[in-house]
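The values are calculated or read from the model by the stated rules, or taken from the named source; none is laboratory data. Here the structure is a predicted model, which means the values were calculated and not measured. Cβ atoms come from the backbone with ideal geometry, glycine included; neighbour counts cover every protein chain shown. Side chains included, ligands, DNA and RNA excluded: accessible areas come from the protein's heavy atoms. Shrake-Rupley method; radii C 1.70, N 1.55, O 1.52, S 1.80 Å.
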Amino acid sequence: MESSDNRVSPSHVATPTAGMASDPSGTLPEARSRTIMWCVPRTISSAVTKCLSAIDGVEVWFEPYFYCLATETVSASDLNLTIPKEYEGNENIFQQAADHLRGIWRCKALKPQHLSYASIQRFLERSAGKHVFVKDMGTGMKSCNFEFLPKGYKHTFLIRHPLRVFNSLRKATHTTLSELGMLPNESSEEKTFDVGRDYPFMDPSQLAFGELYELWKYVRENLDSEPIVIDADDLLSNPAELLPKYCEAIGLPYDESLLKWDASMALTEKWNVAGEDLIGSIKGFYDRALTTGIFGPPGPMPSRNHLTPDVIRCTDTVMKYYDELYQSRLKV
């Protein structure tokens with residue numbers, strides 16, 4: 001790919017007045033930040049979140065809108081139940097959904113109020129944290145839900161080549177959903193599993209990249225003319241160069257110590273998650289990312305000759321979205 005100027009565009013940097021809180025002494029302002037990192041699955045987004053969790057004063061929200069989508073999807077298919085966007089006044093419906101999902105996801109408890117789009121928007125807007133970092137899936141924020149985007153947040157996007165995404169997603173999805181008993185009939189067999197058809201939290205017509213692209217375009221046209229895009233392989237190949245640029249662009253303090261972090265699950269214990277032990281109960285998706293402490297170099301690109309037809313089909317369908325997002329990425 002062609003080279004480009006590595007400087008961060010001024011529009012990527014928080015202005016001196018935005019996101020600032022007064023110091024109690026009334027003299028120096030305190031820098032604050034509000035960031036959402038939207039992504040497609042299998043983009044090392046959980047590892048990035050864990051890395052940034054080591055920054056002092058960061059309040060982390062882990063996939064809050066995705067679990068609203070998951071609640072709507074599972075409740076419709078299993079309970080024939082339509083989940084409203086608003087929790088207040090619909091507490092019984094959300095409790096019924098939470099009780100059902102807790103059994104499926106095998107977690108200790110789910111917080112019903114954390115399964116509502118309107119509630120998540122309020123939680124994020126009312127947060128008093130010095131820095132708030134939200135990691136979420138683009139699939140959780142379809143165009144019909146754009147009204148629930150929290151005000152005052154900087155939107156950033158994490159992408160990865162579709163061949164890597166769908167090859168990894170196919171393996172992780174089949175393993176995890178099989179363990180949870182969520183794959184009926186032919187889908188339960190690995191050789192007949194189809195990632196585009198059988199992953200329940202991804203629109204088969206958009207395949208995660210389509211939803212992320214629509215959100216990116218909405219942000220560009222309505223909120224920020226140059227939203228930050230990062231490619232996961234760029235970050236894995238050059239973390240010492242790209243990570244500080246990302247932190248500077250979103251207003252997070254950077255230190256070289258961020259390049260190596262606690263490999264245990266300790267950092268995740270302070271995250272805001274929809275359920276207690278929810279991350280630990282869905283190990284097929286999160287376990288590897290959350291038990292590493294460094295950004296390792298990316299492996300070789302998978303060969304199309306050794307991939308299943310569903311992975312190739314999904315890849316070819318979304319390449320147009322990936323290519324345009326890739327061209328706008330933050331470069332090193």
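Dipole of the chain (Lys/Arg Cβ +1, Asp/Glu Cβ -1, origin at the Cα centre): which of Gln121, Phe66, Leu177 lies farthest to the positive side? The Cα lying farthest towards the positive end belongs to Leu177. Within the accessible area of the range 83-165, the carbon and sulfur atoms contribute 46%, probe 1.4 Å, all protein chains present.
For a modelled paramagnetic label at Asn90, 7 Å from Cα along Cα-to-Cβ, the residues of the range 55-69 in reach, with backbone nitrogen under 12 Å, are 68-69.
Rounded to the nearest whole Hz, the Karplus-based 3J(HN,Hα) values (6.51 cos²θ - 1.76 cosθ + 1.60, θ = phi - 60°) of the range 327-332 follow the sequence 5, 9, 5, 6, 9, 10, with x at glycine and proline.
Here the range 224-302 has 51 percent of its accessible surface on carbon and sulfur atoms, given a 1.4 Å probe and all protein chains in place.
Set against the 2.2 N^0.38 Å expectation for a compact globular protein, the range 34-87 has a Cα radius of gyration ratio of 1.47. Size descriptors for the range 55-172, from the alpha-carbon set: Rg then Dmax equal 15.4, 44 Å. Three principal axis extents of the range 148-259 based on alpha-carbon atoms, in descending order, are 49, 35, 23 Å.
Accessible surface ranking for Glu63, Glu125, 1.4 angstrom probe, highest first: Glu125, Glu63. Evaluated with a Cβ-only charge set (Lys, Arg +1; Asp, Glu -1), the chain carries a dipole of roughly 220 debye about its Cα centre, given to the nearest 20. The Cα-based radius of gyration and maximum Cα-Cα distance (Dmax) for the range 232-326 are 16.9, 44 Å. Sorting the segments 112-122, 314-324, 203-213 by their residues' average number of neighbouring beta-carbon atoms within 10 angstrom, most packed first, yields 112-122, 203-213, 314-324. Binning the C-alpha pair distances of the range 128-194 at 5 Å intervals from 0 yields a P(r) profile of 3, 12, 17, 16, 14, 16, 12, 8, 3, 1 %, listed from the shortest bin outward. The percentage of C-alpha pairs in the range 200-255 whose separation is greater than 17 Å is 55%. Using Cα-only point scatterers and the Debye equation, what is log10 of I(q)/I(0) for the range 227-272 at each q in 0.22, 0.27, 0.30 Å⁻¹, rounded to two decimals? So the normalised log intensities are -0.93, -1.07, -1.08.
Give me the percent of DSSP beta bridges within the chain that run antiparallel, rounded to the nearest 5. If we restrict to bridges inside the chain, about 20 percent are antiparallel. If you count only protein heavy atoms with a 1.4 Å probe, what accessible area per residue comes out for the chain, rounded to a whole Å²? Heavy-atom accessible area per residue stands at 45 Å². Using 0.36 nm per residue and subtracting the Cα-Cα separation, the extra length available between Asp224 and Ala128 on full extension is 32.2 nm. Taking all Cα pairs closer than 8 Å and separated by 6 or more residues, the relative contact order of the range 64-219 comes to 25 percent.
All other residues whose Cβ lies under 11 angstrom from that of Val219 are scored, Lys and Arg at +1 and Asp and Glu at -1, for a net of -1.
With distances taken between every two different alpha-carbon atoms, the chain has a Kirkwood hydrodynamic radius of 20.6 Å. The ellipsoid equivalent to the alpha-carbon distribution of the range 103-142 has semi-axes of 21, 14, 11 angstrom, derived from the gyration tensor eigenvalues as √(5λ) and listed largest first.
Each residue of the range 305-311 was assigned a 3J(HN,Hα) from its phi angle through the Karplus curve 6.51 cos²θ - 1.76 cosθ + 1.60 (θ = phi - 60°); the sequence is 5, 10, 9, 6, x, 5, 5 Hz, with glycine and proline shown as x. Can you tell me which of Ser77, Ser225, Ser46 moves the most in a GNM of the chain? Springs connect C-alpha atoms under 10 Å apart. Highest fluctuation among the options: Ser77.
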